[in-house]
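Presented below is the structure to which this report refers.
Computed from the coordinates by the stated procedures, all read-outs in this text should not be read as laboratory data. Since this is a predicted model, take the numbers as computed values, not measurements. Note: ideal-geometry Cβ built from the backbone for every residue, glycine included; neighbour counts use all protein chains shown.
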Amino acid sequence: MAEVKASFREVTKVFGRGAAAVQALEPVTLDIRSNAFVCLLGPSGCGKSTLLNILAGFESATSGEVLMDGEPVRGPDPRRGVVFQQGALFTWMSVLDNVAFGPLALGKGRQEAHAIAQRFLEMVGLSAFARRYPYELSGGMQQRVGIARALANDPEILLMDEPFAALDAQTRDLLQEQIKRIWLETRKTVLWITHSIDEALYLATDIVVMTARPGRIKARFSPRFSQADAHEVVRDPEFARMKAEIFDLLRDEALAAQQQQESIS
Ligand SMILES: Nc1ncnc2c1ncn2[C@@H]1O[C@H](COP(=O)(O)OP(=O)(O)O)[C@@H](O)[C@H]1O
Ligand SMILES: [Mg+2]
């Protein structure tokens, strides 16, 4: 059996108290295998970010346990690298210094930290932009710097909350291919949140579909599209079959989420 990198054991989350309490998560139990690429899909507000933030150590669970390598998560840790949707770069630092920041903080010397940063900038295809500042880069390039920065800490697991949500469709398609190549090369364990079924099917080894709030796991899929060539993957009949099945599941949950919102307002 594959080793488990991180796991949620009957994790629940309630925000606020009394009449204002919001149950964000119903008990969620999920194992993230080492070297897996897990995609979370679910309607807006179903608790995806909450789940990721609990594993990141930014939020605590109301009940249940979150483990990494068998140890309870107690707070943020460089072994868990987080990439946000946008805007998490240090605007006053060069691209190189942004990526070198983590290694420096972990105690590496300046030269070594810069060498590490260069290596990961190369991996995301941005070594020519090392001396530039974030504002000089497009949104897609900034996200690649964010990914290089997370990788430079050599995390055990990468946590990515809709990292491509703010990008246009073409940039997104290209970055997906780049991410898949990097994953095939590094086999980092990844937890990735997305709204795109195509993205999940193309990238993931495991897809977890969540219900409308309070979120729980509704279904799981194990896509086996191991090639990096997206052109081939989207033409695989199995891709279309899984896509249709996930589409229907998500549609039901999105409708439930919409009805929930209408009954509140
Ligand atoms: N800090 C918070 N305080 C109160 N409610 C919150 C907080 N964070 C999230 N929520 C609520 O919890 C639910 C799940 O949120 P979230 O995890 O962000 O959903 P998703 O990422 O799936 O869109 C939503 O109803 C949201 O409004
Ligand atoms: Mg979210």
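Please work out the Cα convex hull volume for the stretch 28-143 and give it in Å³ per residue. Working shown, then result.
Working: hull volume 17.0 nm³, N = 116.
Dividing the Cα hull volume of the stretch 28-143 by its residue count gives 147 Å³.
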Fill in the blank from the handout: Proxy exposure order for Arg79, Arg110 (fewest C-beta within 10 Å first) is Arg110, Arg79
Exercise for the section: Over the Cα atoms of the stretch 1-78, compute the convex hull volume and normalise it per residue, giving Å³. Expected result: 102 Å³
Exercise for the section: Write down Rg/Rh for the stretch 185-245, rounded to two decimals, with Rg from the C-alpha atoms and Rh from the Kirkwood relation over Cα pairs. Expected result: 0.98
Handout entry: Helical segments meeting 30 Å axial Cα length and Kyte-Doolittle -1.0 threshold in the chain (DSSP H)
Key = 237-264
Exercise for the section: Could you give me the percent of Cα pairs per 5 Å distance bin for the stretch 145-265, shortest bin first, beginning at zero and ending with the bin that holds the maximum distance? Expected result: 2, 9, 19, 21, 20, 14, 9, 4, 2, 0
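Please list, by residue number, every one of the trypsin sites (Lys or Arg not before Pro) in the stretch 126-203 that is coil in DSSP and has at most 15 other beta-carbon atoms within 10 Å.
On the way: sites: Arg131, Arg132, Arg144, Arg149, Arg172, Lys180, Arg181, Arg187, Lys188; in loops: Arg131, Arg132, Arg187, Lys188.
Sparse-neighbourhood loop trypsin sites (Lys or Arg not before Pro): Arg131, Arg132, Arg187.
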Practice task
With 10 Å bins from zero, work out the P(r) of the stretch 84-154 over every alpha carbon pair and list the percent per bin.
Solution key: 25, 60, 15, 0
Exercise for the section: For the chain, list log₁₀ I(q)/I(0) at each q in 0.09 Å⁻¹, using the Debye formula over Cα point scatterers of equal strength and ignoring solvent, two decimals each. Expected result: -0.42
Handout entry: Sparsely packed chymotrypsin sites (Phe, Trp or Tyr not before Pro) within the stretch 1-108, loop by DSSP, other Cβ within 10 Å at most 10
Key = Trp92
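Neighbouring Cβ atoms within 10 Å as the yardstick, rank Thr186, Thr12 fewest first. Intermediate values should be presented prior to the final figure.
Numbers: Thr186 14, Thr12 19.
Ordered by Cβ neighbours within 10 Å, fewest first: Thr186, Thr12.
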